[in-house]
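Visitor: My questions will all concern the structure given below.
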Amino acid sequence: MLKYTKDEIAKHYNDFDKLYENWSGVTQGGYHYGFAKEVNDIFFNDRMIGNLSNLIAESLGIRENGKNQSIFDAGCGVGDVSAIVAKHYNEAKIYGITISEEQYTIAQKKHPKTDKFCILKGDFESIQFEDSSFDTVFFVDSICHGEGDNKNVAISEAYRILKPGGRLVVCDVFLQKPKSKWSKWFNFVNKQMLDQWRVNEWIIEERFKKSAEQIGFVDYKATNLKWKIVPSVLHMIFTKIPWALYKSLTNKAYLKDLKAFIRMSIFVPLLGIHPIFHYQLITLQKPIKNLTEK
Ligand SMILES: C[S@@+](CC[C@H](N)C(=O)[O-])C[C@H]1O[C@@H](n2cnc3c(N)ncnc32)[C@H](O)[C@@H]1O
């Protein structure tokens, strides 16, 4: 049985959205971390987060301004990443889904629906769109919540709704060894993070790749961003912990958040420096012709 059910994951995001916004330190962007392109960026986390947002947008394989193309953001939070993608491709049609009712409600206010932009409530393991509806499907820090360590259900759904020739993009934690090979120490630190983020299992890269290829995806490309995001992780630790401490001293309601901040500040770097841990941007293609067809 799963430790965290979908209802519990949804509740986590209903309750924690404010914390995530505070953690990221930006109201636009959605990501928790980013990377510096110029030396000066390391002092501004919103710039670093912006750089990662732009990298994701550029990796989607969308042509020019996105005319006659459609993009699906699976596990879209309050729609901030979709909104950044929309700035890159102002003619593309963009849909996002989140499992959280609260995020859905916030998204309606923050990014009102237009004929080109729409955030819905839904489940990325059972997507409410027909087969071959989208040119690109992307998951940013969300597929980790999917079932299993190969995320087979979520990527099968992505494959189904992608048009032939369409692209899947995943940015998330990818572990490099199966659980049977983890040390006690790694297991302990990892458990703290899984519990913090209500994740049942991170992706095991080897199993994810195999599963994606069995489903029919081709052209697997991976970029490990883990060392690039170090300045952003450090930035959060040095700016957010004093901030959270100050808030907790002035208002007891913030004590709950303080615990989460401290937990993330200690365990994220510990987990992150371990060689098993990668933070990757992966792209895959759905072939134009189904390779399993004769
Ligand atoms: C860490 S947040 C990331 C949000 C967004 N992609 C970003 O980067 O800002 C994870 C998101 O995954 C969503 N999520 C988790 N499980 C889901 C599911 N089965 N179907 C749809 N969304 C899901 C949560 O509601 C949340 O919006």
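Rule-based calculations on the coordinates, nothing more; no lab input. All values reported here derive from a predicted model rather than from experimental measurement. Every residue, glycine as well, gets a Cβ built from its backbone with ideal geometry; the counts of neighbours run over all protein chains shown.
Visitor: Going down the list K6/K67; K87/K256; K116/K221, which pairs span over 32 Å between their C-alpha atoms?
Guide: Beyond 32 Å: K6/K67; K87/K256.
Visitor: If you don't mind, another one. For S211, what is the net charge nearby, where nearby means another residue's Cβ is under 15 Å from its Cβ and Lys, Arg count +1, Asp, Glu -1?
Guide: Cβ neighbours under 15 Å give a net charge of -3.
Visitor: Measuring from label point to label point, each 7 Å out along Cα→Cβ, what is the L234 to K116 span in nm?
Guide: 4.0 nm
Visitor: On full extension of the chain, what length is gained from Q176 through F188, given 0.36 nm per residue of separation minus the C-alpha to C-alpha distance?
Guide: This chain segment gains 2.6 nm when fully extended.
Visitor: For helix 184-197, what angle does its Cα long axis make with the longest principal axis of the chain, in degrees from 0 to 90 and rounded to 10?
Guide: Taking the Cα atoms of the chain, the angle to 184-197 is about 80 degrees.
Visitor: Could you size up the charge dipole of the chain around its Cα centre, putting +1 on the beta carbon of Lys and Arg and -1 on that of Asp and Glu, and report it in debye to the nearest 20?
Guide: For this selection, approximately 560 debye.
Visitor: Taking 7 Å along the Cα-to-C-beta vector as the label spot, tell me the V39-K163 distance in nanometres, rounded to one decimal.
Guide: About 4.6 nm, to one decimal.
Visitor: What net charge is computed for the residues neighbouring A158, neighbours being all others with C-beta under 11 Å from the C-beta of A158, Lys and Arg scored +1, Asp and Glu -1? Show your work: numbers first, answer last.
Guide: Details: positive: K151, R160, R167, K286; negative: E125, E157.
Result for the local shell: +2.
Visitor: May I pose another question? Each label point is 7 Å from the Cα along the Cα-to-Cβ direction; what then is the distance between the points at T223 and E101, in nm?
Guide: About 3.9 nm separates the two model spin labels.
Visitor: State, as an integer percentage, the relative contact order of the chain based on alpha-carbon contacts under 8 Å between residues 6 or more apart.
Guide: Answer for the chain is 20 percent.
Visitor: Give the calculated FRET efficiency between L255 and Q108 to the nearest 0.05, with a Förster radius of 45 Å applied to their Cβ-Cβ distance.
Guide: In this case the efficiency is close to 0.90.
Visitor: A further question follows. Rounded to the nearest 0.05, what FRET efficiency do K210 and L2 give with R0 = 30 Å and r taken as the Cβ-Cβ distance? Could you check?
Guide: FRET efficiency, K210 to L2: 0.85.
Visitor: Then there is this: Enumerate the calculated ³J(HN,Hα) couplings along the stretch 210-227 in order (Karplus 6.51 cos²θ - 1.76 cosθ + 1.60, θ = phi - 60°), each rounded to whole Hz, writing x wherever the residue is Gly or Pro.
Guide: Karplus values, whole Hz, x for Gly and Pro: 4, 5, 4, 5, 5, 5, x, 5, 10, 6, 6, 10, 10, 10, 8, 9, 4, 6.
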